[in-house]
Amino acid sequence: ETGVTQSPTHLIKTRGQQVTLRCSSQSGHNTVSWYQQALGQGPQFIFQYYREEENGRGNFPPRFSGLQFPNYSSELNVNALELDDSALYLCASSLSQNNEQFFGPGTRLTVL
Amino acid sequence: QQQVKQSPQSLIVQKGGISIINCAYENTAFDYFPWYQQFPGKGPALLIAIRPDVSEKKEGRFTISFNKSAKQFSLHIMDSQPGDSATYFCAASKGSARQLTFGSGTQLTVLP
């Protein structure tokens with residue numbers, strides 16, 4: 001069974017650019033959540049998708065947006081990048097709304 | 001608003017000793033309390049989790065103690081090993097697959 005995978009592993013962008021991060025959920029998992037982890041801090045919830053619909057959102061501005069596809073993979077899009085967006089972006093999937101979340105290895109985004 | 005407070009920020013323990021990490025939460029609606037272990041460059045991995053209907057849960061060398069009235073829970077690592085050296089995060093949510101609110105993390109170092 002393949003776990004949660006994320007791509008790319010690392011990414012460098014400049015301020016004002018746009019970025020798309022991708023996540024493949026664990027086989028059979030229909031719920032995907034995205035978290036931002038700044039250096040030395042705990043992950044912070046961005047939003048969650050359940051069966052292709054947004055199902056909860058944390059305290060992040062609208063320039064953070066997402067999608068979930070019919071195969072339950074997901075994308076995180078960030079527009080107008082700011083220096084403070086530099087972080088490890090984590091994707092987590094779960095089998096259903098009442099099961100534990102499994103995290104991927106993350107994408108390290110650096111904004112210059 | 002920090003809803004989950006974690007302490008200590010860092011912890012150094014001798015091999016074979018007991019590591020204890022504490023967390024306190026504010027939101028009484030939380031009903032799922034997991035602990036995650038994170039190695040450098042990796043995503044968080046679920047160690048053990050507890051729900052508020054029990055006061056203690058043990059899995060191998062890892063034990064969660066839960067005090068609902070005090071709104072506190074702790075992770076005990078018995079017989080700590082150098083391989084346990086990692087960052088540990090407590091978290092809480094309303095439902096296991098819902099938005100996780102993480103503590104700020106504890107960097108554990110187990111000396112050989």
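Bear in mind that the values in this text are calculations on the coordinates, not laboratory data. The structure displayed is predicted, hence computed values, not measured ones. A quick note on method: Cβ atoms are made from the backbone with ideal geometry, for glycine too, and the neighbour counts reach across all protein chains shown.
Among B:62, B:112, B:89, flag the residue with its Cα farthest along the positive direction of the charge dipole of chain B, charges on Cβ as +1 for Lys/Arg and -1 for Asp/Glu.
Highest projection toward the positive end goes to B:89.
Can you list which of the GluC sites (Glu not before Pro) found in segment A:1-101 are DSSP loop residues with at most 11 other C-beta atoms within 10 Å?
On the way: sites: A:1, A:52, A:53, A:54, A:75, A:82, A:100; in loops: A:1, A:52, A:82, A:100.
Passing both the DSSP loop test and the Cβ count: A:1.
Can you pull out the trypsin sites (Lys or Arg not before Pro) in segment B:43-112 whose DSSP state is coil and whose Cβ has at most 15 other Cβ atoms within 10 Å?
Taking segment B:43-112 and a limit of 15 other Cβ atoms within 10 Å, the loop trypsin sites (Lys or Arg not before Pro) found are B:61, B:68, B:94.
Any idea what the dipole of segment A:39-112 comes to, in debye rounded to 20, about its Cα centre with Lys/Arg Cβ at +1 and Asp/Glu Cβ at -1?
For segment A:39-112, the charge dipole is close to 60 debye.
Of the listed pairs B:15/B:57; B:71/B:94; B:5/B:71; B:15/B:42, which have alpha-carbon separations greater than 21 Å here?
From the list (B:15/B:57; B:71/B:94; B:5/B:71; B:15/B:42), the Cα-Cα distance tops 21 Å for B:15/B:57; B:15/B:42.
Can you list the trypsin sites (Lys or Arg not before Pro) in segment B:1-43 that are in a DSSP coil and have 13 or fewer other beta carbons within 10 angstrom?
Values: sites: B:5, B:15, B:42; in loops: B:15, B:42.
When the trypsin sites (Lys or Arg not before Pro) of segment B:1-43 are filtered for loop state and at most 13 Cβ neighbours within 10 Å, B:15 remain.
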